[in-house]
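*Asks:* Dropping the structure in here first, questions after.
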Amino acid sequence: MSDYAPPIVATLLLWWGSTGVLLYLDGLSRRTFVWSMAGATALFALALWGIVATRSETTASSAYYAFLCGLTAWAWQLVSYYMGFITGPRKTACPPHLRGWPRFVEAVRTSLYHEIAIILCAVALVALTRNQPNQIGAWTFLILWWMHTSAKLNLYFGAPNLSEELLPEHLRYLATFMTRRPMNLFFPLSVSASTIVTVLIAQKALVATTAFELVGFTILATLMALAVAEHWFLVAPLRANALWSWGVKEGCPDEANEYDSLRIVAIEAPLRRSRVSEV
């Protein structure tokens with residue numbers, strides 16, 4: 001079983017460290033964002049080259065490298081979004097009275113261009129690795145996409161732990177599209193699907209016959225296990241954000257106040273409406 005420890009530890013450390021670095025860079029002055037974006041773009045180009053370079057290799061090291069390339073490609077998507085370069089046509093808070101389908105449409109509009117960029121990147125990665133033995137990079141990107149999308153949907157439909165304090169100041173309006181409530185109907189479906197996929201991939205890792213399969217499937221299973229953990233972080237009475245306290249900088253109070261009143265109303269309003277309907 002010791003053979004499984006290195007890919008598990010590597011996946012955990014890279015997931016934890018890359019998230020913290022992104023939060024740290026997001027907390028810097030906006031004057032630095034152009035340099036962060038330029039650096040991320042250079043790494044993204046290198047990652048695409050790495051995906052192509054390793055797609056026909058089936059060694060343990062090529063599995064690690066492909067994973068790192070897939071993670072880097074995903075990191076570019078997050079940098080471009082959370083630093084405000086590729087977001088969506090809506091850049092303002094949700095009106096407190098908006099509900100139902102119109103509210104969902106406006107929520108999608110906050111990240112429409114971002115979602116299109118992800119789809120294009122996913123198509124490119126799948127195309128680059130199609131019919132190739134090493135598809136770890138592409139699958140890494142797809143799993144991270146699922147983790148991110150499922151978390152966003154759960155925050156929209158409602159969860160106790162919104163983690164809105166992690167949003168950078170220029171994206172604080174996104175908190176007004178979140179809902180604080182004990183549970184939503186999508187949560188059990190999403191966490192169950194993630195758990196099933198985790199088990200299936202872990203089974204492949206356990207019966208792997210080569211070092212490449214052992215490392216690759218272990219990495220993917222660990223990523224899916226993290227997806228399950230992130231789902232439970234939304235509802236568990238834990239301060240999961242403390243994991244990245246080293247990367248979070250204090251925001252500017254003046255900027256923070258801009259959306260505070262709308263954030264409180266928009267987040268709590270759906271919960272109050274549900275309580276009223278129950279009465």
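The values are calculated or read from the model by the stated rules, or taken from the named source; none is laboratory data. The structure presented is a predicted model; accordingly, all values stated were derived computationally and were not measured. Note that each Cβ is placed from the backbone with ideal geometry, even for glycine, and that neighbours are counted across all protein chains shown. These accessible areas exclude ligands, DNA and RNA; they are computed on the full protein's heavy atoms, side chains included. Shrake-Rupley method; radii C 1.70, N 1.55, O 1.52, S 1.80 Å.
*Asks:* Taking the Cα atoms only, what angle lies between the long axis of helix 60-82 and the longest principal axis of the chain, rounded to 10 degrees?
*Replies:* Taking the Cα atoms of the chain, the angle to 60-82 is about 20 degrees.
*Asks:* Residue separation times 0.36 nm, minus the C-alpha to C-alpha distance between VAL52 and ALA211: what's the value?
*Replies:* Full extension from VAL52 to ALA211 adds 55.2 nm.
*Asks:* Distance in nm between label sites at SER29 and SER163, each 7 Å beyond Cα in the beta-carbon direction?
*Replies:* 2.9 nm
*Asks:* Next question. Compare LEU112, LEU189, LEU226 in a GNM of the chain, Cα atoms joined below 10 Å, and give the one with the largest fluctuation.
*Replies:* The residue with the greatest mean-square fluctuation here is LEU189.
*Asks:* Report the calculated FRET efficiency for LYS204 and HIS97 (r = Cβ-Cβ distance, R0 = 41 Å), to the nearest 0.05.
*Replies:* According to the calculation, E is roughly 0.25.
*Asks:* Relative to the longest principal Cα axis of the chain, at what angle does helix 5-26 sit, 0 to 90 degrees, rounded to 10?
*Replies:* 40 degrees
*Asks:* Rounded to the nearest 20 Debye, what is the dipole magnitude of the chain about its Cα centre when Lys and Arg each give +1 and Asp and Glu each give -1 at the C-beta?
*Replies:* Computed charge dipole of the chain: roughly 620 debye.
*Asks:* Can you work out the Karplus-derived ³J(HN,Hα) for every residue in region 174-185? Use 6.51 cos²θ - 1.76 cosθ + 1.60 with θ = phi - 60°, whole Hz, and x for glycine or proline.
*Replies:* Going residue by residue, I get 5, 5, 6, 9, 9, 10, 9, 8, x, 6, 9, 5 Hz, with x marking Gly and Pro.
*Asks:* What value, in deg cm²/dmol to 500, does the helix sum -39500 (n - 2.57) over DSSP H runs of n ≥ 4 give at 222 nm once divided by the residues of the chain?
*Replies:* Rounded to the nearest 500, it is -22500 deg cm²/dmol.
*Asks:* Cα axis of helix 136-157 to longest principal axis of the chain: angle in degrees, 0 to 90, nearest 10?
*Replies:* 20 degrees
*Asks:* Let me ask something else about it. Counting only heavy atoms of the protein chains, get the accessible area per residue of the chain (1.4 Å probe) and round it to a whole Å² value.
*Replies:* 51 Å²
*Asks:* Now for a separate question. Quick one: among PRO160, PRO96, PRO188, which has the greatest mean-square fluctuation in a GNM of the chain with alpha-carbon springs under 10 angstrom?
*Replies:* Among PRO160, PRO96, PRO188, the largest GNM mean-square fluctuation belongs to PRO188.
*Asks:* How many angstrom separate the Cα center of region 165-240 from the Cα center of region 133-151?
*Replies:* Rounded to whole Å, the Cα centres lie 11 Å apart.
*Asks:* Quick one: if you stick a label point 7 Å off each Cα along the C-beta vector at LEU189 and ALA127, how many nm between them?
*Replies:* Each label point lies 7 Å from its Cα, and together they span 3.1 nm.
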